[in-house]
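First up is the structure itself, then whatever we jot down about it.
Values quoted throughout were computed directly from the atomic coordinates according to the rules given, and no laboratory measurement underlies them. Values in this document were obtained by computation on a predicted structure and should not be read as measured data. Using ideal geometry, Cβ is built from the backbone for each residue, glycine included, and neighbour counts are taken over all protein chains shown.
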Amino acid sequence: MRDLDVDALSRRYGPMVLRRCRRLLGDEEEALDACQDVFLRVIERRTRLHGEYPSSLLYRIATNVCLNRLRDRRRNPVTRDETVLYEIARAGEPGGLSEARLLLERLFGRHPESSRTMAVLHYVDGLTLEEVAAETGMSVSGVRKRLRGLRASLTEIIG
Amino acid sequence: MKRNIPDLVLERYRLNELPERSARAVELMMADDPAIRERLDALAASDAEIQEQYPPSVFVHDRPAPSRRLAIRVAAAGGFALAALLLFVALPRTSPPPPDTERVKGTIGGRPSLALYRRTDTGSERLADGAVARPGDLLRVGYASAGRPYGLILSIDGRGAVTLHLPPSGDRAVPLTPGKMVLLDAAYELDEAPRVERFYFVTAREPFAAEPVVSAARRAAQGTVPDALPLPPGLEQVTFAIQKEARR
């Protein structure tokens, strides 16, 4: 197994990861903590770096880590930090905040972590379905199906 | 309408980790849109600011919070779990999955066949037709073409959703790799759709369009998951079903 030079990775990619975490979390201290979680995950899954660009993997892991932290924040009555998630929930929909909240429940309750990441990459970051598929290693149809599932959850709730 | 380039694309461009074609596209857009150059300059300035403010080690092991000490948490990562993960992701894209003693069905002269593999704690397991799987299970689809040169794979879930797995996009059946069991590139995470999900491997000796097959699947999927698709002449199919168990 190839040794992983985490220090070299952090030198090259640390600023990018921190920017990602800053944007999603909006808190410097928590963004730094999230960065540590990101590189920890890389160490735990180090051979996944084979065959794909580290930037892509790190960006995706950072998104996952930050979404989990945002989920944890939701247990407290703090709404300022949920802006990103409401962007997802409202994307392309005429509905308002109530629908967004309902969709968030689905996002965090019934759908896998990877679906939430796909939603952020597509609805918040503006990646095309093809780009999301390339980033996540899934097929375009698979990504489309996941996003359709998320939207179907909302439709199911609001009728 | 001009498309705004996502941050991720610009980050990867700066790191020289974009595929060449995408990098050329960024450069073409940059020639017409000075704002893209400004965003790249802002990323460079941000890099400098972060590197000045923090040593690289802050991202991995200089943070003081005890609960986040990297060394402790790495040590806590189970060797078996890591090995299992590596086994699964290391499966070559076009070679037979484990176990290596398994005979591969569907050799030339026989019938084409489908297989599903599920990630487990110790690697992966081949599922039997009709096996129970749960939402969140990570699956890979494989096929043996039995000499059929063209094919596609789609599935219908318990909600009637039709998903094309091979090819992942496009409107034609693809040339099949002959002989051995071939795994599709992308893994497939099982969702919450109820009851059953059936996979259909449609093959032919001549090239064929995907659309009539997908349309037939959509018509057949009205309220049910059919055992077989009503296919145009000249096409044959094999299927593979998994039973869905509710998330625990």
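Amide H to amide H, with H built 1.01 Å from N, A:Asp125 comes under 5 Å of no residue 5 or more places away or on another chain.
Using the per-residue mean of other Cβ atoms lying within 10 Å as a proxy for protection, in what order, highest first, do the peptides A:133-139, A:16-22, B:39-45 fall?
Packing proxy ranking, top to bottom: A:16-22, A:133-139, B:39-45.
Residue-normalised convex hull volume from the C-alpha trace of segment B:7-58: 73 Å³ per residue.
Within a 10 angstrom radius of each residue's Cβ in B:18-28, how many Cβ atoms of other chains show up on average? Whole number is fine. The partial results should precede the final answer.
On the way: counts 3, 2, 0, 0, 2, 0, 0, 0, 0, 0, 0.
Neighbouring Cβ atoms belonging to other protein chains average 1 per residue here.
Per residue of peptide B:4-13, the mean number of Cβ atoms on other chains within 10 Å of the residue Cβ is 5. Between B:Arg195 and B:Asp129, the modelled label-to-label distance comes to 2.0 nm, taking each label 7 Å out from Cα in the direction of the beta carbon. What does the structure give for B:133-140 when I average, per residue, the other chain Cβ atoms found within 10 Å of the residue Cβ? Counting other chains' Cβ atoms within 10 Å and averaging over B:133-140 gives 1. Note on B:Glu206 and B:Asp171: the model spin-label points, each 7 Å out from Cα along the C-beta direction, lie 1.9 nm apart.
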